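These notes concern the structure reproduced below.
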Amino acid sequence: MRILQPPTTSGLTADADIDMLNLYQLMRLAAPASGEALRKGNSDITDTEVDEDAAIAYWKLALTGGITNDDIASDAAIAISKLASTPILESLLTTRGDIIYRGASAAARLPKGTAGHYLQQGANDPQWASISGVATIVRKTADETVNNSNVLQNDDHLLLTIAANEVWLINLFLLWTSPTTGPYLKTGWSYPTGCSIKWGAEVKVASTNSAYWSYIASGGSKSALLTETSTLIDILGANAAICGLHLTAIVINGANAGTLNFQWAQGNATAEDTKILANSCLIAHKLA
């Protein structure tokens with residue numbers, strides 16, 4: 001075996017195998033030229049010669065293809081943002097608030113629901129549903145005043161949004177006052193077109209339209225309940241006292257969604273402050 005120095009380069013040429021382990025000590029290897037690589041004997045280093053747990057960064061490997069699903073461990077913590085494609089998100093989710101669930105044979109989209117509705121399990125798939133049987137409570141947060149007017153106006157707080165064809169039971173508890181007995185308290189409703197309302201005072205009160213649900217005295221007879229176009233005037237004036245009035249209504253809405261709003265005014269237009277007070281409240285139960 002000989003090691004020769006080529007006449008035109010600074011390297012050496014071996015004309016036979018060199019026993020590097022027994023005869024020589026290898027001081028260093030020159031850096032491979034561009035496009036060259038270390039080889040084992042006459043062959044490239046193969047996949048089987050790399051330990052399973054060898055910590056080799058992917059970017060140092062000359063991969064022949066992209067990383068496939070089979071290359072990733074089932075418990076690999078890879079962020080969705082790191083993936084080149086997110087087909088489920090891109091094809092299904094279109095609106096903020098959408099939800100993905102397992103459909104009959106594949107992932108499916110449940111569109112964003114209506115505010116206040118809850119997620120309900122259907123026969124097979126989830127669905128949005130309105131709350132039924134749970135009270136909706138609306139509290140009057142500030143006093144409201146009417147002076148010298150017997151024209152009904154919408155109350156600023158005591159109102160409820162109702163959908164088409166819904167049925168509601170409404171209980172309205174009013175705290176009201178006026179300096180004298182003259183103005184009285186006139187009450188009524190505004191409502192969506194096609195809505196039907198049956199209502200009256202919870203018990204008999206002295207009023208210009210004495211419809212009521214209960215009568216605890218003997219004798220006498222009941223009047224028909226009021227309708228959506230009716231008004232009720234409590235003719236017992238407050239005389240500076242804080243009075244109470246309990247109204248009950250069954251509201252049967254038609255095909256038009258909208259707002260059910262309690263209305264009130266003075267029964268007699270009087271130049272004084274008639275008030276419905278804070279903490280009066282509307283308590284509603286959706287029946288259907």
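The values are calculated or read from the model by the stated rules, or taken from the named source; none is laboratory data. Bear in mind that the values here come from a model prediction, so they are computed numbers and not experimental data. Quick reminder, even Gly has a Cβ in these numbers, built from the backbone with ideal geometry, and neighbours come from all protein chains shown.
Here residue 251 meets each of (1) at pLDDT 95 or above; (2) farther than 23 Å from residue 156 by Cβ; (3) surrounded by 19 or more Cβ atoms within 10 Å (Cβ to Cβ) with one exception, condition (2). Set side by side, the residues 169, 160 differ, and just one is crowded, with 16+ Cβ neighbours inside 10 Å, of a type in the set (A, V, I, L, M, F, W, C) and either free of Cβ contacts under 8 Å to residues at least 40 places away in the same chain or in a strand (DSSP E or B) (or both), which is 160.
Select from region 98-144 the residues that are surrounded by fewer than 12 Cβ atoms within 10 Å (Cβ to Cβ) and of a type in the set (Val, Ile, Thr) and write down the one among them that is nearest to residue 265 (Cα to Cα). Step by step, filter region 98-144, then rank; the result is 141. Residues being assigned to a helix (DSSP H, G or I), within 47 Å of the chain's Cα centre (by Cα) and at pLDDT 75 or above are entirely absent from region 57-64.
If you go through region 228-278 and keep only what is in a strand (DSSP E or B), under 20 Å from residue 201 (Cα atoms) and not hydrophobic (A, V, I, L, M, F, W, C), you end up with 234, 244, 246, 248, 261, 263, 274, 275. Residue 122 passes every criterion in (1) outside the structural domain of residue 229 (by TED's automatic domain parsing); (2) at pLDDT 95 or above; (3) not polar (S, T, N, Q) apart from (2). When every residue of region 96-114 is checked against the conditions, at least one turns out to be modelled with pLDDT of 75 or more, outside any loop (DSSP other than H, G, I, E, B), among the hydroxyl-bearing types (Ser, Thr, Tyr) and over 30 Å from residue 169 (Cβ atoms). Is it fair to say residue 225 is touching a Gly at 6+ places or on another chain (Cβ under 6 Å) and crowded, with 16+ Cβ neighbours inside 10 Å? Answer is yes for this residue. Looking only at residues of region 186-219 that are at pLDDT 95 or above and farther than 22 Å from residue 157 by Cβ, we find that the one that is surrounded by the fewest Cβ atoms within 10 Å (Cβ to Cβ) is 193. Taking (1) assigned to a loop (DSSP other than H, G, I, E, B); (2) surrounded by fewer than 21 Cβ atoms within 10 Å (Cβ to Cβ) in turn, residue 183 satisfies each apart from (2).
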